[in-house]
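Coordinate-derived values only; no laboratory data. Values in this document were obtained by computation on a predicted structure and should not be read as measured data. Don't worry about glycine lacking a Cβ; one is built from the backbone with ideal geometry, like all the others, and counts go over all protein chains shown.
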Amino acid sequence: MAIDRETLRYLGWWLAFGVLMCLLPFVVGTGTLRILIFAHFLAMFAMSWDFLSGRTGYISFGHPFLIGIAGYTTAILSFRFDVPIYYSIPAAIVATMVGGTLFFLPALRIRGTYFALVTLAFMEILYQLTKVVAPKITGGTRGMSGLESIVTGAVNNYYLSFGIMFVTGVVLWLLIRTRLGIALSAIRMNEEAVRSTGHNTTKLKLFAFTVSAAVSGIGGAFYVHYIGSIAPRGMFEINFLFTILVAALLGGAETIIGPIMGAYFLTVLLEYLRPVMPGMERYLLYGAIALVLYVVRPEGIYSIIADAGRKVQEWRR
Amino acid sequence: MTATAGPLLEVRDLHMTFGGIRAVQGISFQVAEGETLGLIGPNGAGKTTVFNMIMAELRPTSGEIWFRGENITRVPTYERVKRGIARTYQVPQPFGEMSVGANIRVGMAPDDIWKLVSEGADHAAEADIGRSVGFSDEQIDMLPSELAMGDLRRLEMARNVAVSPTLLLLDEVFAGLTLREIGQISELLVEKKRKDGLTYIIVSHDLRALAPLVDRVIVMSFGEIIAEGTFDDVVRDEAVRDAYLGQ
């Protein structure tokens, strides 16, 4: 991969971000770290969504389906069959990638609203299946609790979740800066024109779907072992889906960095609203904030910060 | 470019039916390598449908398409492009959020995921292609929304040049252009043909612009070929005049 000067400069920012976040446990308490752990998992899901939907324009309403495959696979293997998590987690990621190809099949024929609705149906089907099919294995509506932890303690979990998110973020970000990223964006703008420039768009889309599924798989598998339980209602709830979408869109779709920013913003906002708004009404407020931000700046938080950075550079000159 | 003994493109008894409408009814023609063929006819004659079938954007109801002696009827669009066929559209279809340079980059990009990731873009080559169709250096960084119609047609040409075609299908290439722009595009087509040995099939309603470019013309009406020959011959043809002007 050819790395130009601009990419190197941005990698410097990534490094600074990594160092800063690694120093955070020395400054803040475990309560804040636990909030940030959730932000890291949300960022994983939002980046996964962004790599597929933000890039190719195939809007997925079914990402909890992918996350659920990962969560249930590792939970069932480790909890019911005593498979060590070092095997159950990779198995879950592979299973999610297979699930991603299932997800991909409708994209061979449909796109736009129809594709979004089909993916929503995928989520609903898995929701119902986990409740009624083999409840002795899936735990039915109650799910499973008491899942094995990978590491213990807020600090260790913070570093683990940040490490996974950081590495995934850098890899995805580097991918979208290559010509592959341009080709995937071109699919969003005009798929027929991409084909007429000699590209097999099926292959490109399959790659995007598989990568997106792998990221959802990694996030989903680690997430359920962090929270220690899995239940269909929490996993396939519409609020969970919207939180992923809002994090990606609010942060700035098609950028990978934006969904990370969106995830931090949303998680911190929701948690700090909790003392003043303990009920569901805080979702109303966060919805309003998201709406206003999205209307005022559809490119998201990332573009606001990027613009500010450009202005500072101009001012320094 | 590989020379072939037979025709470069051969269309055999092509039919296309949309529901009850027979858009193309038994079209057959050949195009020799290096030739420029004009495909004309009134609106709804089926010209663009023929282009869509040659590019595999539509699957013919029946009939065959041969390219360089190979039956490509079931070959998908991207493979036809790799074999050397490319097209422009009646309404230019740029990648709207990408600069001219990035549009060309998509055309230059290989159909190989590993190479897309591992090999960087060749910005100098992109600029060369842009300049070869008449873009200035400033225009290479512009968005399609900042370009005039003539420049959008150039952009489609540039993206097609980037895939190194042998046969280029030009759909209404002069539509929406000023006289000056028509002259510039015509010059570009002649220049590209001279330098790269391109073969063209040109669909155009602008017969005055088409006349100096074509070696031969096929006239379509209601999905059928009604005349074929040199430009001067077909415009004098009674059936052609009837098709254009009504009886």
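State the Cα centre-to-centre distance between region A:210-256 and region B:144-216 in whole Å. Taking the Cα centre of region B:144-216 as reference, the centre of region A:210-256 is 48 Å away.
Across peptide B:105-114, the average count of Cβ atoms from other chains found within 10 Å of a residue's Cβ is 6. Relative to the longest principal axis of the C-alpha atoms of chain B, give the angle of the C-alpha long axis of helix B:149-162, reported between 0 and 90° and rounded to the nearest 10°. So the inclination is approximately 80 degrees. Across q = 0.10 Å⁻¹, the protein assembly as shown modelled as identical point scatterers on its alpha-carbon atoms has Debye log10 I(q)/I(0) values of -0.90, in the order of the q list. Give the distance, in whole Å, between the Cα centre of region A:110-147 and the Cα centre of region B:103-121. Spelled out, the Cα-based centre of one part sits 38 Å from the other. Do the sum for chain A: with -39,500 (n - 2.57) for every DSSP H run of n ≥ 4, divided by all residues, what is the mean residue ellipticity at 222 nm, to the nearest 500 deg cm²/dmol? Estimated from H runs of four or more residues: -24000 deg cm²/dmol. When you count the other C-beta atoms within 10 angstrom of each residue and take the mean per peptide, A:79-90, A:249-260, B:41-52 line up highest first as A:249-260, B:41-52, A:79-90. Over 27 Å apart at the Cα level, from the set A:LYS136/A:LYS203; B:LYS82/B:LYS193; A:LYS205/B:LYS115; A:LYS136/A:LYS205; A:LYS205/A:LYS311; A:LYS131/A:LYS203, are A:LYS136/A:LYS203; A:LYS136/A:LYS205; A:LYS205/A:LYS311; A:LYS131/A:LYS203.
Order of A:16-24, A:234-242 by packing, highest average Cβ count within 10 Å first? Intermediate values should be presented prior to the final figure.
Numbers: A:16-24: 12.9, A:234-242: 16.7.
Peptide ranking by packing, descending: A:234-242, A:16-24.
Peptides B:144-152, B:91-99 ranked from most to least packed give B:91-99, B:144-152, packing being the mean of other C-beta atoms within 10 angstrom over each peptide's residues. If you average the C-alpha positions of region A:179-195 and of region B:23-41 separately, how far apart do those two centres end up, in angstrom? The distance from the Cα centre of region A:179-195 to that of region B:23-41 comes to 30 Å. Per-residue ellipticity at 222 nm from helix content only, as computed over chain B with -39500 (n - 2.57) for each DSSP H run of at least four residues, stands at -10500 deg cm²/dmol. In the calculated pair-distance distribution of chain A, the portion above 31 angstrom amounts to 30 percent of the Cα-Cα pairs.
This ranking places A:HIS225, B:HIS15 by how few other beta-carbon atoms lie within 10 Å of each, fewest first, which gives B:HIS15, A:HIS225. Taken residue by residue and averaged, Cβ atoms of other chains lying within 10 Å of the Cβ of A:172-180 number 4.
Per residue of B:52-58, other chain Cβ atoms within 10 Å of the residue Cβ number 1 on average. If you take all other residues with their beta carbon under 15 Å from the beta carbon of B:ILE65, and give Lys and Arg +1 and Asp and Glu -1, the sum is +1. Taking the fewest neighbouring Cβ atoms within 10 Å as the starting point, the ordered list for A:ARG9, A:ARG111, A:ARG317, B:ARG154 is A:ARG317, A:ARG9, A:ARG111, B:ARG154.
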